[in-house]
Amino acid sequence: MDAKNGDKTRILESNVCVVCQNPALHKCGGCHRVYYCNKQHQRDDWKQHKLTCKPFKICEDEVLGRHLVATRPLQPGEFVLQEAPLVWGPSSNTVPICLGCGKGVNAQNSRSCSRCGWPVCGDLCEKSPGHLAECRYTTQRGERVSIKNFGIPHPIYRCITVLRCLYQKQFLPKIWKKLEVLEAHCESRRASSNYENDRVTVAEFIRRFFKLSSVFSEEDIMKVFGIVMVNSHEVPLTEPPFIAIYGTSSMFEHNCSANCSKSFTNQGHILITAAQPIQEGDHLSISYTDSLWGTPNRRYFLHETKFFWCHCSRCEDPTEFGTNFSALKCQDTNCSGLLLPETFTETQKLPEWVCTRCSHSISSYSAHDILERIGRDLHDLDKNDVEACKSFLSTYQGYLSDNHFYRTDIKYVLSQLLGQQSMRQLSEEDLALKLECCQALESLVKTIGVAERRILGTVLFEMHAALAEVARRSGGTNELMKSRRILIEAIEMLSNEPEVLPEGKICKQARQNLKDIDVLLEKL
Ligand SMILES: C[S@@+](CC[C@H](N)C(=O)[O-])C[C@H]1O[C@@H](n2cnc3c(N)ncnc32)[C@H](O)[C@@H]1O
């Protein structure tokens, strides 16, 4: 078996032994992806399966704590890990959701659980194992919950995921064993400004409301709150998204230009694949932030929520690998240079932003001020209005670098909006703009955030559509062949996305478009 090509073909959908094809219940404990009907067949297969089983080991050091290191080379797209959540639940700031399936609920599409009163979609959700914890604790408390306001974030949901973890501590020691070892940053959090509010709204509340003060101490609850905060992943399978905590996947370190991508299966399992070529001995990383945020925003978010200052190579390079993603344009007359600080990683005395061409400089406060003002404009912009988006790009052309994150945000919006109603009716100018936005985004994302496969996939899909339209107008086969190549790349990027997500639907459409292009090419 060629490890480079992977044994994807041998991973079977149903639970069938990969050796004899008989029904099988026993899963490989390393990758959880292949089944065996007995131990002997697993032993027989190991020589072959080890080439593609779990491709990493857990290591530990003083800076990162536990982290994952590749034990063999991996190619982009190759499988790294898939696992089911240990616990899932509502995010800390959410409108009411069904506690059985996670979907948003309102007065029309939900009813109260017959035992505890929490809103659920129906019978199936009421009986869902996920809902057991709060159902049991609410029933025990002797008074049902009554949720009346559905459209606004409801503070009581803040406690549910923590409560579900505490339930594991009390009743399910096997899962608790995996949860309790996760990083909680108790000390750093105690010193943070949010600690008191969290203590009152979560720890005190759980003990009082669910009458659990003799079962869980405030310290127990605050530790669990930390575990949820530091390790949970937002799972976008429902609207609003829910959060989930995974075991081994919690060990991936963060990097702002991560070498692994994460996606989720329809069942809420996390699926990690390689996003770049990875060598044996390389650290495996995912991004804990949005890779398309500027450096100061990413670093601040990581510090506030994960309690470390990021020093990845992207954060250490103010130009972000030459993209100037966070740079401002120099305002000195006749200068076309860019303003950037010498470093973004100095947290004490913020350095001046200095022009790359002339001697002009501005204080970091002025830079911050400019960005804040433009940010407010961006916030108020109607992102369904093509003309308003175009106007934003031209208004700030003289202030923001071409790749600046604010401009990138709008280029992404335009790449989707232009041609959304009809590609055929796009003016030549708008078609060229769509293509330009897609090309700029492709090059940028491949440089700073190649692990953002969902973004890259959707950009490439839009690019193929624009190129196909150019081909239709010009009758050129070259453009059509290029569109086909881009489409294949888009499918590769989106192939792990579940169909419930827009990206999964785009992937399905892309597969259909590929067939259509092939038919067309045969005719030409
Ligand atoms: C989800 S946990 C990762 C596993 C953790 N290292 C452990 O031992 O349990 C996130 C924590 O790992 C550490 N960490 C992850 N990536 C890091 C990085 N790039 N630099 C420094 N610390 C990092 C931080 O303490 C962070 O809060």
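The values are calculated or read from the model by the stated rules, or taken from the named source; none is laboratory data. All figures in this text were calculated on a predicted structure; none of them were measured in a lab. Counting neighbours? That spans all protein chains shown, and the Cβs are built from the backbone with ideal geometry, glycine included. Protein only, heavy atoms only, side chains kept; ligands, DNA and RNA dropped before computing areas. Shrake-Rupley method; radii C 1.70, N 1.55, O 1.52, S 1.80 Å.
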Next on the checklist: Quick check on my filter: what residues within segment 46-80 are more than 14 Å from the ligand (Cβ to nearest atom), of a type in the set (A, V, I, L, M, F, W, C) and either assigned to a strand (DSSP E or B) or in contact with a strand residue (DSSP E or B) (Cβ under 9 Å, 6 or more places away or on another chain) (or both)?
Outcome noted: A70, L74, F79, V80
Item to check | Qualifying residues in segment 113-141 (those that are more than 18 Å from C165 (Cα to Cα) and either within 28 Å of the chain's Cα centre (by Cα) or outside the structural domain of Q170 (by TED's automatic domain parsing) (or both)) - the one surrounded by the most Cβ atoms within 10 Å (Cβ to Cβ) | outcome: V120
Checklist entry - Considering segment 474-486 alone, what residues qualify as being open to solvent by 30 Å² or more (accessible area, probe 1.4 Å) and free of Cβ contacts under 8 Å to residues at least 40 places away in the same chain? => result S474, G475, N478, E479, K482, R484, R485
Next on the checklist: Considering only residues that are open to solvent by 40 Å² or more (accessible area, probe 1.4 Å), small (G, A, S) and either touching a residue at least 60 places away in the same chain (Cβ under 8 Å) or not assigned by TED's automatic domain parsing to the domain that holds H154 (or both), which ones fall in segment 91-112?
Outcome noted: S92
Checklist entry - What is the number of the single condition among (1) acidic (D, E); (2) touching a residue at least 60 places away in the same chain (Cβ under 8 Å); (3) more than 23 Å from C315 (Cβ to Cβ) that D402 does not meet? => result (3)
Item to check | Filtered residues of segment 407-457 (kept if surrounded by fewer than 22 Cβ atoms within 10 Å (Cβ to Cβ) and touching a Gly at 6+ places or on another chain (Cβ under 7 Å)) | outcome: L426
Checklist entry - Can V224 be described as touching a residue at least 12 places away in the same chain (Cβ under 8 Å) and either open to solvent by less than 40 Å² (accessible area, probe 1.4 Å) or polar (S, T, N, Q) (or both)? => result yes
Checklist outcome for this item: Expected output for segment 176-198 (first residue at pLDDT 95 or above, partner within 12 Å of the ligand (Cβ to nearest atom) and not small (G, A, S), Cβ below 6 Å, 6+ apart or cross-chain) is L182/I227; L182/N231; E183/V230; A184/I227; H185/V230; H185/F307; S188/F307; Y195/R189
Checklist entry - Taking into account only those residues within segment 244-266 that are touching a Pro at 6+ places or on another chain (Cβ under 7 Å) and more than 12 Å from the ligand (Cβ to nearest atom), which is nearest to F308 (Cα to Cα)? => result A244
Next on the checklist: Quick check on segment 318-328: of everything there that is of a type outside the set (A, V, I, L, M) and surrounded by 18 or more Cβ atoms within 10 Å (Cβ to Cβ), which residue is nearest to the ligand (Cβ to nearest atom)?
Outcome noted: E320
Checklist entry - Of these, E342, E372, which one is closer than 30 Å to S391 by Cα and more than 14 Å from the ligand (Cβ to nearest atom)? => result E372
Next on the checklist: Filter segment 382-403 down to the residues that are of a type in the set (A, V, I, L, M) and within 29 Å of D332 (Cβ to Cβ) and list them by number.
Outcome noted: L393, L400
Checklist entry - Being outside the structural domain of T161 (by TED's automatic domain parsing) and among the small types (G, A, S), is that true of even one residue in segment 57-76? => result yes
Next on the checklist: Which residue is least open to solvent (accessible area, probe 1.4 Å), if the candidates are limited to segment 364-391 and must be acidic (D, E) and assigned to a loop (DSSP other than H, G, I, E, B)?
Outcome noted: D385
Next on the checklist: For segment 68-76, check the following and say yes or no: at least one residue is more than 30 Å from L51 (Cα to Cα), touching a residue at least 24 places away in the same chain (Cβ under 8 Å), open to solvent by 10 Å² or more (accessible area, probe 1.4 Å) and not acidic (D, E).
Outcome noted: no
Item to check | Failed condition for E239, given (1) in a helix (DSSP H, G or I); (2) surrounded by fewer than 15 Cβ atoms within 10 Å (Cβ to Cβ); (3) in contact with a strand residue (DSSP E or B) (Cβ under 6 Å, 6 or more places away or on another chain) | outcome: (1)
